[in-house]
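Notes follow once the structure below has been shown.
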Amino acid sequence: MGSQSSRPAPPVAWTGHVAPIWSVVYSPNGARVVTGSGDKTIRIWDPESGATVGEPLTGHNDAVTSVAYSPDGQRIISGSSDHTIRIWDAETGAPVGDCLEGHSDSVLSVAYSPDGQHIISGSEDRTIRIWDAETGAPVGGSLEGHTDSVGSVAYSPDGRHIISGSSDRTIRIWDAQTSAPVGDPLEGHAHSVGSVAYSPDGQHIISGFKDHTIRIWDAHTGAPVGGPLEWHTEWVRSVAYSPDGRHIISGSDDGTIRIWDAKTGAPIGDPLVGHTDWVRSVAYSPDGRHIISGSDDRTIRIWDSETGAPVGDPLEGRTDLVRSVAYSPDGRHIISGSHDLTIRIWDADTGVPVGDPLEGHTDWVRSVAYSPWAAHHLRILRPHHSNLGFRDWRPGR
């Protein structure tokens, strides 16, 4: 259990990029962080010290919009507005082979297959492409069917299928082996599909964004599972599956959180009411027993996921809206990032703040997360700023 006497180490500003940071991810083992920037470079960082590892990875001729690690952590891939994807040796930073060319517009999203053998990319050219991760060669032709930019791509947990979300308001499922579309497009959203994801067991797909709804789809047939989840009256800002995949939670600009049956799409109980402004971020605790939410009302709330009842009082202390919340992997602590320029750590059981606010940022904290090792926190100022902020903190230290 953390104590109020715990104190964070001094903040370290990760400086090096000279343009906005577009994408940031941890390596699978949490030992490295990689960033892609509008300055056309990729940088690798040591999260222990905040120091860069080696020289910047150069080769792109335009902004680096998306970066990802291979499942084994040995390779990094990057997608760029220069229409290409590049593969890098994660240890040395050296390029692996030539750049992957084929898209005719900006590459917006890249991802590895679960087995690490293939790479997928989504682009403003309205296509998805599959690449051999070892050779960089294209695997078959481009996956065509979307009529607007493809901003989100993902593999199913078993690697057999690919899903894509597009500004054309549709989701498409593709056979990862043949590149053939699986069924018809998943239609129903009235506006852009900003995010797509598979359920933990790969049986369902969830999507949502501007049309105020969440939709659940059968991952095998593409059929909607029930009707749209329509109880929200404003944009759905955040959605998440419970760890066991049985429930979905959503946070909305209408100030509420809702719990849904992931199988039927039916709302479970009444909306979780208590926030007085937009709910920007929601998350389950690792054991699935609690839900946390962060809001523009400057508070964080903890809820009982079974009853929907609030657990204790709101976590207060912010002087501006709460942009992001997350649980530690062991569920003992909560971190929050705010427009008040600070990060706070809280005892998840008592709601008591642990130590003083983590200060050092000079602008909004838009995103917070624990590393897989749960020993560090990565924090981002704003997507269009050129620095990363980093805090080294260990519970109880």
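Since every read-out is calculated from the coordinates, none of them should be taken as a lab result. Predicted, not measured: the structure shown is a model, and the values here were computed from it. Note that each Cβ is placed from the backbone with ideal geometry, even for glycine, and that neighbours are counted across all protein chains shown.
Out of every Cα pair in the range 220-277, what percent are spaced more than 12 Å from each other? The partial results should precede the final answer.
Details: 1095 of 1653 pairs.
Cα-Cα pairs of the range 220-277 separated by over 12 Å account for 66 percent.
Just want the ordering: 64, 311, from fewest to most Cβ atoms lying within 10 Å of their own Cβ. Don't skip to the answer; put the middle values down first.
On the way: 64 30, 311 17.
By the 10 Å Cβ count, ascending, the order reads 311, 64.
How much space per residue, in cubic angstrom, does the convex hull of the C-alpha atoms of the range 89-170 take up?
Values: hull volume 7.9 nm³, N = 82.
It is 97 Å³ per residue.
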Check: If you stretched the chain out fully between residue 349 and residue 175, how much longer would it get, using 0.36 nm times the residue separation minus the C-alpha to C-alpha distance?
Finding: 58.2 nm
Next item on the list: For residue 101 and residue 147, calculate 0.36 nm times their separation in residues minus their Cα-Cα distance, and state this gained length in nm to one decimal.
Entry: 14.5 nm
Check: Could you put 195, 164 in order, starting from the residue whose Cβ has the fewest other Cβ atoms within 10 Å?
Finding: 195, 164
Notebook entry, point to check: Which order do 108, 143 fall in if you start with the one that has the fewest other Cβ atoms within 10 Å?
Noted result: 108, 143
